[in-house]
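In what follows, a single structure is set out as structure tokens and then discussed.
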Amino acid sequence: PAGFGARVHFPVLARMDTETGDHRLLDSSGGGTRDMPRSIRNQPASTYGHEGAVPTGTLFEAQFDTDTGIVSGDGWLLANEDGEYHAMLIATQAQRGNSIDTAEVQARYEENMNEDGGWDYRIRFSKWNIAATTGVGTPAFQDARAEIVASMTPELDELIASATTG
């Protein structure tokens, strides 16, 4: 499509019914998206949350597989400096991690006594919508990531080819 440089696939945007290291759980019965398309952004520096993230593309599809718990998606990165930089980070795996931005959230704090007599806790998101997705260095879900599928610009093709074969 006009204005886009690279097609991007997210094999894992997020995982449902799986607790993150920081004790969040996205309940599969409550997941959805805002109206599509949504923004793809890149966070070029490690900061709080997704602070400082810049728009780099458009997420056109999100799929929710309740059997595997995987949320996946597809979109395009922009044919501009920010989009091409994000594509390079993904292609070289320098920063291929991904983190969804949620909205319209309903959540509750849950705690249980563990086997050692201490307390385990989590925050269960019983309702949540994907509002955007952001490229990050440290995703909450270990396998959340992006992959470049195709490119529309020769310069980006060369960059991706050299990054993936080098």
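The values are calculated or read from the model by the stated rules, or taken from the named source; none is laboratory data. Computed from a predicted structure; not experimentally measured. Every residue, glycine among them, receives a Cβ derived from its backbone with ideal geometry; neighbour counts consider all protein chains shown. In case anyone asks, the SASA skips ligands and DNA or RNA and just uses the protein heavy atoms, side chains included. Shrake-Rupley method; radii C 1.70, N 1.55, O 1.52, S 1.80 Å.
The phi torsions of the range 116-130, fed into the Karplus equation with coefficients 6.51, -1.76 and 1.60 and a -60° offset, translate into couplings of 8, x, x, 10, 9, 9, 7, 10, 8, 8, 7, 9, 6, 10, 6 Hz, rounded to whole numbers, with Gly and Pro shown as x.
Taking K and R as +1 and D and E as -1, what net charge do the other residues with C-beta under 13 Å from the C-beta of Ala144 add up to? Neighbourhood net charge equals +1. Please give the helix 154-165 orientation as an angle from the longest Cα principal axis of the chain, in degrees from 0 to 90, rounded to the nearest 10. Helix 154-165 and the main axis of the chain meet at about 60 degrees. Summing +1 for each Lys or Arg and -1 for each Asp or Glu among the other residues whose beta-carbon sits under 11 angstrom from that of Ile70 gives -3. Protection proxy ranking of 128-137, 88-97, by the mean of other Cβ atoms within 10 Å over each peptide's residues and highest first, is 128-137, 88-97. Annotation: per residue accessible area for the range 32-127 equals 59 Å², rounded to a whole number [probe 1.4 Å, protein chains only]. Ordering 119-127, 141-149 by mean Cβ neighbour count within 10 Å, with the highest value first, yields 141-149, 119-127.
The angle separating the long axis of helix 81-91 from the principal Cα axis of greatest extent in the chain is about 70 degrees.
Once C-alpha pairs closer than 8 Å and six or more residues apart are averaged by separation and normalised to the residue number of the range 1-151, the relative contact order reads 37 percent.
Taking the 1.4 Å solvent-accessible surface of the range 1-128 as the whole, the part contributed by carbon and sulfur is 45%.
Rounded to the nearest 500, the helix-only mean residue ellipticity at 222 nm of the chain stands at -4000 deg cm²/dmol, with each DSSP H run of n ≥ 4 adding -39,500 (n - 2.57). Taking Cα extents along the principal axes in Å as calculated from this structure, the corresponding entry among [x] 59, 33, 31; [y] 50, 31, 26; [z] 47, 37, 37 is [x].
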